[in-house]
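One structure is given below, encoded as C-alpha coordinates.
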Amino acid sequence: MNRNICTTSRTAVASAALLLGLAACSSSPSGNNAGSTPTSAGASTGTVAAAAKLLPAAVKSKGTLTVGMEAQYAPFEYLATDNKTITGFDADFAQALGGALGLKVNLTNTSFDSIIPGLQGGKYDLGISAFTDTKAREKVVDFVTYFSEGQSLMTQAGNPDHLDINNLCGKTIGIGKGGTEELIVVPELSKACQAAGKPPINKKVFSGQDAPNLAVASGQVQGTILDQTVAEATAKASNGKFSVAGQPIDKSPVGIAIPKTTGMTNAVHAAVQALIDNGTYKNILAKWNVQAGAITTSQVNVARS
(Lines give C-alpha, C1' and ligand atoms only; values in the text may rest on other atoms or scores of the structure.)
Protein backbone atom coordinates (compact mmCIF):
# COMPACT_ATOMS: atom_id res chain seq x y z
CA MET A 1 0.00 0.00 0.00
CA ASN A 2 1.07 3.53 -0.36
CA ARG A 3 0.40 6.88 0.59
CA ASN A 4 2.25 13.30 1.78
CA ILE A 5 2.23 16.15 -0.10
CA CYS A 6 3.17 19.18 1.85
CA THR A 7 4.22 22.22 -0.06
CA THR A 8 5.33 25.53 1.38
CA SER A 9 1.72 26.67 1.29
CA ARG A 10 -0.26 24.56 3.70
CA THR A 11 -3.46 26.49 2.89
CA ALA A 12 -3.08 25.74 -0.81
CA VAL A 13 -2.60 22.06 -0.06
CA ALA A 14 -5.66 22.00 2.17
CA SER A 15 -7.77 23.69 -0.49
CA ALA A 16 -6.62 21.26 -3.16
CA ALA A 17 -7.17 18.32 -0.84
CA LEU A 18 -10.69 19.41 -0.04
CA LEU A 19 -11.40 19.90 -3.73
CA LEU A 20 -10.33 16.35 -4.39
CA GLY A 21 -12.17 14.94 -1.40
CA LEU A 22 -8.94 14.22 0.48
CA ALA A 23 -7.81 15.10 3.97
CA ALA A 24 -5.27 17.94 4.19
CA CYS A 25 -1.77 16.83 5.11
CA SER A 26 0.11 17.93 8.16
CA SER A 27 3.19 20.10 7.92
CA SER A 28 5.36 17.39 9.45
CA PRO A 29 3.93 13.90 9.14
CA SER A 30 6.86 12.11 10.72
CA GLY A 31 6.52 14.22 13.84
CA ASN A 32 2.75 14.39 14.14
CA ASN A 33 1.66 12.21 17.00
CA ALA A 34 -2.09 12.13 17.38
CA GLY A 35 -1.75 10.87 20.94
CA SER A 36 -4.34 8.53 22.37
CA THR A 37 -6.96 9.15 19.74
CA PRO A 38 -10.53 8.96 21.08
CA THR A 39 -12.26 5.73 20.16
CA SER A 40 -14.90 6.33 17.50
CA ALA A 41 -18.39 4.90 17.59
CA GLY A 42 -18.41 1.22 16.71
CA ALA A 43 -14.77 0.72 17.68
CA SER A 44 -15.11 0.02 21.41
CA THR A 45 -14.75 -3.45 22.82
CA GLY A 46 -14.09 -5.12 26.14
CA THR A 47 -10.93 -7.01 26.98
CA VAL A 48 -10.72 -10.50 25.48
CA ALA A 49 -9.12 -12.45 28.30
CA ALA A 50 -7.80 -15.28 26.14
CA ALA A 51 -6.02 -12.84 23.85
CA ALA A 52 -4.73 -10.55 26.61
CA LYS A 53 -3.30 -13.58 28.40
CA LEU A 54 -0.98 -14.17 25.43
CA LEU A 55 0.64 -10.74 25.67
CA PRO A 56 4.31 -10.67 26.70
CA ALA A 57 4.87 -9.32 30.21
CA ALA A 58 6.80 -6.31 28.89
CA VAL A 59 3.84 -5.21 26.77
CA LYS A 60 1.33 -5.75 29.59
CA SER A 61 3.39 -3.68 32.00
CA LYS A 62 3.75 -0.83 29.50
CA GLY A 63 -0.03 -0.75 29.07
CA THR A 64 0.07 1.05 25.72
CA LEU A 65 0.28 0.08 22.06
CA THR A 66 1.99 2.60 19.81
CA VAL A 67 0.66 2.13 16.29
CA GLY A 68 2.37 3.60 13.23
CA MET A 69 0.21 4.63 10.26
CA GLU A 70 0.33 7.15 7.42
CA ALA A 71 -2.82 9.25 7.62
CA GLN A 72 -3.27 9.90 3.90
CA TYR A 73 -5.25 6.89 2.82
CA ALA A 74 -8.97 7.44 3.32
CA PRO A 75 -11.05 5.56 4.25
CA PHE A 76 -8.33 3.50 5.98
CA GLU A 77 -6.59 6.37 7.77
CA TYR A 78 -6.61 10.14 7.32
CA LEU A 79 -6.59 13.33 9.38
CA ALA A 80 -9.86 14.73 10.70
CA THR A 81 -10.79 18.38 10.20
CA ASP A 82 -8.61 19.40 13.15
CA ASN A 83 -5.64 18.24 11.02
CA LYS A 84 -4.40 16.24 14.01
CA THR A 85 -6.75 13.42 14.97
CA ILE A 86 -6.31 10.25 12.92
CA THR A 87 -9.60 8.74 11.82
CA GLY A 88 -10.73 5.98 9.46
CA PHE A 89 -11.28 2.22 9.37
CA ASP A 90 -7.74 1.34 10.46
CA ALA A 91 -7.87 3.90 13.26
CA ASP A 92 -11.11 2.43 14.64
CA PHE A 93 -9.84 -1.11 14.20
CA ALA A 94 -6.61 -0.29 16.04
CA GLN A 95 -8.59 1.14 18.95
CA ALA A 96 -10.81 -1.96 19.05
CA LEU A 97 -7.73 -4.19 18.96
CA GLY A 98 -6.21 -2.32 21.88
CA GLY A 99 -9.46 -2.67 23.80
CA ALA A 100 -9.51 -6.41 23.19
CA LEU A 101 -5.97 -6.66 24.56
CA GLY A 102 -6.69 -4.39 27.53
CA LEU A 103 -4.24 -1.73 26.31
CA LYS A 104 -4.47 1.97 25.51
CA VAL A 105 -3.67 2.89 21.90
CA ASN A 106 -1.47 5.70 20.68
CA LEU A 107 -1.94 6.33 16.94
CA THR A 108 1.13 7.93 15.40
CA ASN A 109 1.12 9.60 11.97
CA THR A 110 4.31 8.96 10.00
CA SER A 111 5.48 8.26 6.45
CA PHE A 112 4.46 4.85 5.15
CA ASP A 113 7.97 3.72 4.21
CA SER A 114 9.24 4.48 7.74
CA ILE A 115 6.76 2.22 9.56
CA ILE A 116 8.52 -1.13 9.14
CA PRO A 117 11.96 0.33 10.03
CA GLY A 118 10.22 1.93 13.03
CA LEU A 119 8.87 -1.47 14.06
CA GLN A 120 12.33 -2.99 13.77
CA GLY A 121 13.81 -0.17 15.83
CA GLY A 122 11.22 -0.37 18.61
CA LYS A 123 9.54 2.95 17.82
CA TYR A 124 6.17 1.34 17.11
CA ASP A 125 4.56 -1.78 18.54
CA LEU A 126 2.33 -2.37 15.51
CA GLY A 127 1.96 -1.05 11.97
CA ILE A 128 -1.68 -0.73 10.89
CA SER A 129 -1.72 1.17 7.63
CA ALA A 130 -3.34 -0.97 4.93
CA PHE A 131 -0.20 -3.10 4.57
CA THR A 132 -0.32 -5.80 1.93
CA ASP A 133 1.23 -8.98 3.33
CA THR A 134 4.20 -9.80 1.07
CA LYS A 135 6.98 -12.39 1.30
CA ALA A 136 9.62 -9.65 1.28
CA ARG A 137 7.99 -7.91 4.24
CA GLU A 138 7.53 -11.20 6.07
CA LYS A 139 11.32 -11.52 6.23
CA VAL A 140 11.42 -8.70 8.78
CA VAL A 141 7.93 -8.55 10.36
CA ASP A 142 4.97 -10.84 10.95
CA PHE A 143 1.54 -10.14 9.49
CA VAL A 144 -1.84 -10.88 11.03
CA THR A 145 -4.52 -10.48 8.37
CA TYR A 146 -7.70 -8.44 8.83
CA PHE A 147 -8.76 -7.44 5.30
CA SER A 148 -8.51 -8.43 1.64
CA GLU A 149 -7.90 -5.88 -1.08
CA GLY A 150 -7.32 -5.53 -4.83
CA GLN A 151 -5.50 -2.84 -6.81
CA SER A 152 -7.31 -0.34 -9.04
CA LEU A 153 -6.41 2.27 -11.62
CA MET A 154 -7.72 5.78 -10.98
CA THR A 155 -7.74 8.39 -13.76
CA GLN A 156 -9.22 11.76 -14.50
CA ALA A 157 -13.00 11.59 -14.79
CA GLY A 158 -14.15 9.66 -17.83
CA ASN A 159 -10.77 7.98 -18.34
CA PRO A 160 -9.80 10.33 -21.22
CA ASP A 161 -6.81 8.21 -22.27
CA HIS A 162 -8.90 5.02 -22.31
CA LEU A 163 -6.52 3.27 -19.93
CA ASP A 164 -6.76 -0.30 -18.69
CA ILE A 165 -4.77 -1.47 -15.67
CA ASN A 166 -3.68 -4.58 -17.59
CA ASN A 167 -2.36 -2.54 -20.52
CA LEU A 168 -0.47 0.52 -19.31
CA CYS A 169 2.58 -0.05 -21.51
CA GLY A 170 4.35 3.24 -22.20
CA LYS A 171 1.88 5.22 -20.05
CA THR A 172 2.91 7.56 -17.23
CA ILE A 173 1.54 6.34 -13.92
CA GLY A 174 1.96 7.87 -10.45
CA ILE A 175 2.40 5.65 -7.40
CA GLY A 176 3.21 6.07 -3.71
CA LYS A 177 6.67 5.36 -2.37
CA GLY A 178 7.26 2.08 -0.56
CA GLY A 179 3.91 0.45 -1.37
CA THR A 180 3.26 -2.78 -3.21
CA GLU A 181 2.32 -0.70 -6.25
CA GLU A 182 5.95 0.45 -6.49
CA LEU A 183 7.56 -2.78 -5.36
CA ILE A 184 5.40 -5.44 -7.02
CA VAL A 185 2.38 -4.35 -9.07
CA VAL A 186 3.95 -1.90 -11.54
CA PRO A 187 7.15 -3.96 -12.01
CA GLU A 188 5.06 -7.04 -12.85
CA LEU A 189 2.82 -5.11 -15.24
CA SER A 190 5.90 -3.58 -16.89
CA LYS A 191 7.50 -7.01 -17.23
CA ALA A 192 4.41 -8.21 -19.08
CA CYS A 193 4.64 -5.20 -21.39
CA GLN A 194 8.26 -5.94 -22.25
CA ALA A 195 7.53 -9.63 -22.77
CA ALA A 196 4.98 -8.55 -25.37
CA GLY A 197 7.53 -6.29 -27.09
CA LYS A 198 5.98 -3.10 -25.71
CA PRO A 199 7.55 -0.28 -23.67
CA PRO A 200 7.39 -0.56 -19.87
CA ILE A 201 5.25 1.68 -17.71
CA ASN A 202 6.78 5.09 -17.04
CA LYS A 203 6.33 5.19 -13.29
CA LYS A 204 6.59 8.36 -11.22
CA VAL A 205 7.07 7.70 -7.52
CA PHE A 206 5.73 10.18 -4.96
CA SER A 207 5.83 10.37 -1.18
CA GLY A 208 2.36 9.47 0.05
CA GLN A 209 -0.85 9.04 -1.95
CA ASP A 210 -2.08 12.64 -1.97
CA ALA A 211 0.70 13.64 -4.40
CA PRO A 212 -0.08 11.10 -7.18
CA ASN A 213 -3.77 11.96 -6.85
CA LEU A 214 -3.00 15.62 -7.45
CA ALA A 215 -0.65 14.65 -10.29
CA VAL A 216 -3.55 12.85 -11.98
CA ALA A 217 -5.81 15.86 -11.52
CA SER A 218 -3.21 18.21 -13.03
CA GLY A 219 -2.37 15.91 -15.94
CA GLN A 220 1.21 15.34 -14.78
CA VAL A 221 0.50 11.60 -14.88
CA GLN A 222 -2.20 9.70 -16.74
CA GLY A 223 -3.34 7.65 -13.78
CA THR A 224 -2.45 6.22 -10.39
CA ILE A 225 -2.61 2.66 -9.07
CA LEU A 226 -3.80 2.25 -5.49
CA ASP A 227 -5.98 0.07 -3.31
CA GLN A 228 -9.44 -0.60 -4.70
CA THR A 229 -11.20 0.67 -1.56
CA VAL A 230 -9.19 3.90 -1.51
CA ALA A 231 -9.60 4.49 -5.25
CA GLU A 232 -13.36 4.09 -5.04
CA ALA A 233 -13.68 6.32 -1.97
CA THR A 234 -11.44 9.01 -3.48
CA ALA A 235 -13.30 9.03 -6.79
CA LYS A 236 -16.67 9.17 -5.04
CA ALA A 237 -15.59 12.13 -2.90
CA SER A 238 -13.89 14.04 -5.72
CA ASN A 239 -16.93 15.87 -7.10
CA GLY A 240 -16.42 14.32 -10.52
CA LYS A 241 -12.65 14.84 -10.74
CA PHE A 242 -11.66 11.15 -10.80
CA SER A 243 -12.87 7.82 -12.18
CA VAL A 244 -11.91 4.24 -11.36
CA ALA A 245 -11.07 2.50 -14.63
CA GLY A 246 -12.10 -1.12 -15.07
CA GLN A 247 -11.93 -3.91 -12.53
CA PRO A 248 -9.38 -4.35 -9.71
CA ILE A 249 -6.54 -6.85 -9.94
CA ASP A 250 -4.39 -8.80 -7.48
CA LYS A 251 -6.70 -9.40 -4.53
CA SER A 252 -4.26 -9.78 -1.64
CA PRO A 253 -4.25 -10.15 2.16
CA VAL A 254 -3.91 -6.96 4.21
CA GLY A 255 -2.33 -7.34 7.62
CA ILE A 256 -1.12 -5.82 10.85
CA ALA A 257 2.68 -5.61 10.82
CA ILE A 258 4.27 -6.90 14.03
CA PRO A 259 7.96 -7.04 15.02
CA LYS A 260 9.15 -10.64 15.10
CA THR A 261 11.14 -10.07 18.27
CA THR A 262 8.40 -8.88 20.63
CA GLY A 263 6.37 -12.07 20.91
CA MET A 264 3.09 -10.24 20.22
CA THR A 265 1.95 -12.11 17.12
CA ASN A 266 -0.15 -14.79 18.85
CA ALA A 267 -1.91 -12.26 21.08
CA VAL A 268 -2.73 -9.95 18.17
CA HIS A 269 -3.94 -12.88 16.08
CA ALA A 270 -6.24 -14.07 18.87
CA ALA A 271 -7.59 -10.55 19.40
CA VAL A 272 -8.30 -9.99 15.71
CA GLN A 273 -10.19 -13.27 15.45
CA ALA A 274 -12.17 -12.39 18.58
CA LEU A 275 -13.19 -9.05 17.04
CA ILE A 276 -14.33 -10.89 13.92
CA ASP A 277 -16.27 -13.46 15.93
CA ASN A 278 -17.98 -11.02 18.33
CA GLY A 279 -19.23 -8.66 15.61
CA THR A 280 -17.05 -5.64 16.45
CA TYR A 281 -15.15 -6.04 13.18
CA LYS A 282 -18.39 -6.18 11.18
CA ASN A 283 -19.64 -2.98 12.80
CA ILE A 284 -16.43 -1.10 12.00
CA LEU A 285 -16.49 -2.33 8.40
CA ALA A 286 -20.08 -1.13 8.05
CA LYS A 287 -19.31 2.26 9.59
CA TRP A 288 -16.68 2.91 6.91
CA ASN A 289 -18.57 1.09 4.12
CA VAL A 290 -15.67 -1.27 3.39
CA GLN A 291 -17.50 -4.57 3.79
CA ALA A 292 -16.23 -5.78 0.40
CA GLY A 293 -12.84 -6.46 1.99
CA ALA A 294 -14.17 -8.45 4.92
CA ILE A 295 -12.56 -11.72 5.96
CA THR A 296 -13.96 -14.40 8.28
CA THR A 297 -10.71 -15.96 9.45
CA SER A 298 -7.54 -14.10 10.42
CA GLN A 299 -4.27 -15.76 9.43
CA VAL A 300 -0.57 -15.24 10.05
CA ASN A 301 1.98 -14.74 7.26
CA VAL A 302 -0.01 -15.88 4.23
CA ALA A 303 1.67 -13.79 1.49
CA ARG A 304 1.46 -15.25 -2.01
CA SER A 305 4.31 -13.22 -3.46
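Within the stretch 235-264, residues that are under 19 Å from ILE173 (Cα atoms) sit with their Cβ atoms under 6 Å from residues that are surrounded by fewer than 19 Cβ atoms within 10 Å (Cβ to Cβ) and acidic (Asp, Glu), at 6+ positions apart or across chains, in these pairs: GLY246/ASP164. Give me a count of the residues in the stretch 162-195 that are among the small types (Gly, Ala, Ser) and not in a loop (DSSP other than H, G, I, E, B). The total comes to 5.
Quick check on the stretch 62-76. Is at least one of its residues charged (D, E, K, R), crowded, with 22+ Cβ neighbours inside 10 Å, in a loop (DSSP other than H, G, I, E, B) and modelled with pLDDT under 50? No: zero hits.
Just one of the listed residues (LYS204, LYS251, LYS198, LYS236) is of a type in the set (Lys, Arg), surrounded by fewer than 17 Cβ atoms within 10 Å (Cβ to Cβ), over 21 Å from the mean Cα position of the chain (by Cα) and at negative phi, and it is LYS198. Within the stretch 90-102, being surrounded by 21 or more Cβ atoms within 10 Å (Cβ to Cβ) and either farther than 23 Å from VAL290 by Cα or out of contact with any Lys or Arg (no Cβ under 8 Å at 6 or more places or on another chain) (or both) holds for ASP90, ALA91, PHE93, ALA94, GLN95, ALA96, LEU97, GLY99, ALA100, LEU101. If you go through the stretch 212-233 and keep only what is in contact with a strand residue (DSSP E or B) (Cβ under 8 Å, 6 or more places away or on another chain), surrounded by fewer than 24 Cβ atoms within 10 Å (Cβ to Cβ) and of a type in the set (Gly, Ala, Ser), you end up with ALA215, ALA217, GLY219. Taken over the stretch 264-305, the criterion of being crowded, with 16+ Cβ neighbours inside 10 Å, in contact with a helix residue (DSSP H, G or I) (Cβ under 8 Å, 6 or more places away or on another chain) and among the hydroxyl-bearing types (Ser, Thr, Tyr) is satisfied by THR280, TYR281, SER298. Going by the conditions given, is LYS251 basic (Lys, Arg) and at pLDDT below 95? Against the criterion (basic (Lys, Arg) and at pLDDT below 95), LYS251 qualifies.
From the residues in the stretch 264-298 that are over 18 Å from the mean Cα position of the chain (by Cα), assigned to a loop (DSSP other than H, G, I, E, B) and not hydroxyl-bearing (Ser, Thr, Tyr), which one is farthest from ALA51 (Cα to Cα)? Checking each candidate, the answer is GLY279.
Within the stretch 239-248, restricting attention to residues that are outside any strand (DSSP E or B) and in contact with a helix residue (DSSP H, G or I) (Cβ under 8 Å, 6 or more places away or on another chain), which residue is surrounded by the fewest Cβ atoms within 10 Å (Cβ to Cβ)? Ranking the qualifying residues of the stretch 239-248, first place goes to ASN239.
Residue pairs whose Cβ atoms lie under 7 Å apart, sitting 6 or more positions apart in sequence or on different chains, and linking a residue in the stretch 200-213 that is more than 12 Å from LYS177 (Cβ to Cβ) to a partner that is among the hydroxyl-bearing types (Ser, Thr, Tyr) and surrounded by fewer than 23 Cβ atoms within 10 Å (Cβ to Cβ), are PRO200/SER190; ILE201/SER190; ASN202/THR172.
For (1) loosely packed, with under 14 Cβ neighbours inside 10 Å; (2) assigned to a helix (DSSP H, G or I), each residue gets a yes or a no:
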position: GLY122; (1), (2): yes, no
position: SER129; (1), (2): no, no
position: ALA136; (1), (2): yes, yes
position: PHE143; (1), (2): no, no
position: PHE147; (1), (2): no, no
position: SER152; (1), (2): no, no
position: THR155; (1), (2): no, no
position: PRO160; (1), (2): yes, no
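Residue count for the stretch 173-195, restricted to those that are surrounded by fewer than 24 Cβ atoms within 10 Å (Cβ to Cβ), of a type outside the set (A, V, I, L, M, F, W, C) and closer than 26 Å to PHE76 by Cα: 5.
The values are calculated or read from the model by the stated rules, or taken from the named source; none is laboratory data. Everything numeric in this text was worked out from a predicted model, so none of it was measured. Every residue, glycine among them, receives a Cβ derived from its backbone with ideal geometry; neighbour counts consider all protein chains shown.
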